[in-house]
Amino acid sequence: MLFLCGCTRRNRVLEIDYVSAPQATLRDRVAAVYTKTGTVKNGDRVQVLERERRFVRVRTDSGAEGWVEQRYLVSQQVYDGFQKLAQQEQADPVQAMGTTRNDSNLHLEPGRETEHLYQLNQGAKVSLLKRALAEKPLLGAVVSRAGTGKNEESKPAAILEDWWLIRDPENHLGWVLGRMVDVDAPLEIAQYAEGQRIVGYFALDQVTDGDKKVLEYLVLLTEPKDGMSFDYNQVRVFTWNVKRHRYETAYREHKLDGVLPVTVLQQNFDKEGMLPVFVLRVKDDSGNVSERKYKLNTPIVRRVLPPGEEPPKPTRKKSR
């Protein structure tokens, strides 16, 4: 009976965890010399049977058992958090496609020290959905105040980093550090960025030039640095000049306090027919977000005003 009780305790499931490492080895004992009993990979579900220092004994869904380091596992709560995030953001429109620069963790929330589960390989193709800011952890919690003549200390100014909510090829959603992802803007329009950072791009229309089809684009741009209070502050529409066989800027707008997401759709404008439309979300000085709709009737871009709204009057320069 004592033997059976001991076996029952050893095989009792303490909790369910998930593997957060690309791959980990299961070992038969917690020792410098051990025998490999199996492997687990990123995202695998395991039953936790026993704990010893920084190791846990687990059982996989296939029945393999062994010891693995605790740091390679995350809890059911973290896994459920990723499932909830995927459900909440499943309808988010894609703002751009990107490629990971290095192997990167997918985090549950923006921030280097937040929980992570899935991992992306270098060169993975991802969909960019939303942008957020998070403080970069600093080495040294406090610094001395200069010029006070006192032994007072204060925290250094926070450094904000850009984070992207992305969807990977396996439809996992999570947050990844912005600098770890390159936006895959088409080269033919990326060359006109003029030193600005491309945040998003959208195919608006398609024109025929001889025997080829050419896409026309809306491009969102921002300052080439992290920590900006807006998602984008410039937009440009590139249309194709059939006579000169080149892209030209049909529309440009600066000094926007733009908020993602931007949406693109088609709308019927009676005599003009079906036209591509894009909707920008912009904050005013009070922080209120409003929508601005624009239509493209190549090569003309015009604002589409809601019923009853008057177009802004042009400002006149005072004569000296």
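The values are calculated or read from the model by the stated rules, or taken from the named source; none is laboratory data. Here the structure is a predicted model, which is why all the values come from computation and not from measurement. Here Cβ is always computed from backbone atoms with ideal geometry, including for glycine, and neighbour counts include all displayed protein chains. All accessible areas refer to the heavy atoms of the entire protein, side chains included, with ligands and DNA or RNA removed. Shrake-Rupley method; radii C 1.70, N 1.55, O 1.52, S 1.80 Å.
For segment 261-270, does any single residue satisfy the condition of being surrounded by 13 or more Cβ atoms within 10 Å (Cβ to Cβ), in a strand (DSSP E or B), in contact (Cβ under 8 Å) with a residue 40 or more places away in the chain and more than 24 Å from the chain's Cα centre (by Cα)? No, the conditions are met nowhere in segment 261-270.
The strands (runs of 3 or more DSSP E) located wholly in segment 16-79 that include 2 or more residues which are hydroxyl-bearing (S, T, Y) and either at pLDDT 95 or above or closer than 17 Å to N105 by Cα (or both) occupy 36-41. On inspection, G43 does not qualify as of a type in the set (G, A, S) and over 17 Å from Q119 (Cα atoms).
Can you confirm whether E115 is at pLDDT 95 or above, under 16 Å from V19 (Cα atoms) and surrounded by 14 or more Cβ atoms within 10 Å (Cβ to Cβ)? Judged against the criteria, E115 is a match. Against the test of being hydroxyl-bearing (S, T, Y), under 15 Å from G178 (Cβ atoms) and outside any loop (DSSP other than H, G, I, E, B), the options T99, T114 yield a single qualifying residue, T99. In summary, Q95 fulfils each of the numbered conditions (1) out of contact with any Pro (no Cβ under 8 Å at 6 or more places or on another chain); (2) within 30 Å of V279 (Cα to Cα); (3) buried (at least 21 other Cβ atoms within 10 Å of the Cβ) with the single exception of condition (1). Report whether or not G123 is at pLDDT 95 or above and not in a strand (DSSP E or B). Criteria met by G123. Within segment 204-231, restricting attention to residues that are under 18 Å from L275 (Cβ atoms) and among the hydrophobic types (A, V, I, L, M, F, W, C), the residue that is most open to solvent (accessible area, probe 1.4 Å) is L215.
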